[in-house]
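Here is the structure we will look at.
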Amino acid sequence: MKILNHQYKAVKIYKNIQQTKKDFFDLLEKQGLIKNLEQKYHNILIKNKLDQKTAEILKQLLANSKGTTEDEKIKQITETAVSDFILKLGTDRKQKEKQIVITLSEDGDLRKESLRYPMRKEAKRLKLFKVLTNRYIKTELLCEKSGAKNNQAVRKTIGVINQKAKNRLKLKQPLVESKSGCGYQINNLYKLIKK
């Protein structure tokens, strides 16, 4: 079985994290400290230049690792540190990529260069889309402002908008993104210009 570079790197980082946990427990016994563990993990991730693929493999390794009852809290801190780092990687990557300009015309057409999604024919979707911004809006508020029947209708409408925008505007990433507990926003990969 051939071991890929990302797998090797993830296992190497995993071993470093395990050793750091052992060293940390020794320090914990002597001084009763736990706060600096997350920073140590971040340092390991930064030192090893953790990338997205390696991070996903590392996350699986950590999720499947077996530990003692006392180790569960440390495992949770470790998984949180890796998850936060993965999120930061994604955010940094998004910011580095050039934003794609999407224009919403007065009559309700979404355009990307010469491509067009005539949303004006879909009044409910257009009304909901006009409420969205580049900041998260809770589903309940979207429901209220757009006149949607309920939260499920908002979710379904956004799903349709994303699918049609993907097909008609040839988008690689969803136009509208969601985050549990936060709601929906226009994906930061896109710069929406409303005319």
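The values are calculated or read from the model by the stated rules, or taken from the named source; none is laboratory data. Quick caveat: nothing in here was measured; it's all calculated off a predicted structure. With ideal geometry, Cβ positions are generated from the backbone for all residues, glycine too; neighbour counts draw on all protein chains shown.
Some observations on this one:
- Restricting L126, L141 to residues that are closer than 18 Å to T103 by Cβ and among the hydrophobic types (A, V, I, L, M, F, W, C) narrows the list to L126.
- Residue, farthest from the chain's Cα centre (by Cα), within region 61-95, restricted to residues that are over 27 Å from N188 (Cβ atoms) and at pLDDT 70 or above: N64
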